[in-house]
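Every number in this text was worked out from the coordinates using simple rules, so none of it is lab data. Small disclaimer: the values here were computed from a predicted structure and weren't measured.
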Amino acid sequence: MHTFADLAKALNRSTVYLSGLQSRFDLPTFDGAGYSVAYLAFLHTVVNLRTLSITEETLRDLWHIEKKLLVLLHADSTGSPTWFLDSCGAATSPKRRLLLTNYELGAEVQGKGVQLGLNFADTAPELFAGKEMGEDALRVLNEYWKLYARISADVKAELSQVRAAAAWAKRH
């Protein structure tokens, strides 16, 4: 477990910057050493993507889509206040995981397949199914793919510039 100061040091960012991220991404805050390794991994992903020139607005859009998808898939089986972050940092099956939450879908993210109808949460059933209310996991997953593809293309385009900048920094 980490303190907020530990997070700032590990990410080489100010506490003010991290506090802003917490606010804009609507992340829970904790006192003392209340921040998990998964919480740090999520912030690390955001900082890395920002370094690769992915806008924070795009990341927040993806964040909202991923959280909506996880709700539709009933992924909150623990009741943890950080349930949507708890998979961050896991290294197994990277092609089957969402970009920010790192949640494993059970099928390749780009494979357009996900096992629907699984409910890991022990909650009371809704009066109407999500699809009847206008929410469809496949529709949300399709939104995710579109935004993920755009982010992936932007990262690939920026990668050569980042490598050149790192090489320049080593010489100076």
Taking all pairs of distinct alpha-carbon atoms in the stretch 1-104, Kirkwood radius in angstrom: 14.1 Å
Amide hydrogen neighbours beyond the local backbone of residue 2, cut-off 5 Å, H modeled: 34, 35, 36
For the stretch 52-60, 3J(HN,Hα) per residue [Karplus equation, 6.51 cos²θ - 1.76 cosθ + 1.60, θ = phi - 60°, Hz, x = Gly/Pro]: 8, 6, 7, 5, 5, 4, 5, 5, 5
query: Over the Cα atoms of the stretch 50-105, Rg to Rh with Kirkwood Rh, two decimal places?
result: 0.98
- line: Cα-based Rg and Dmax for the stretch 19-79, in Å, come out at 12.7, 34
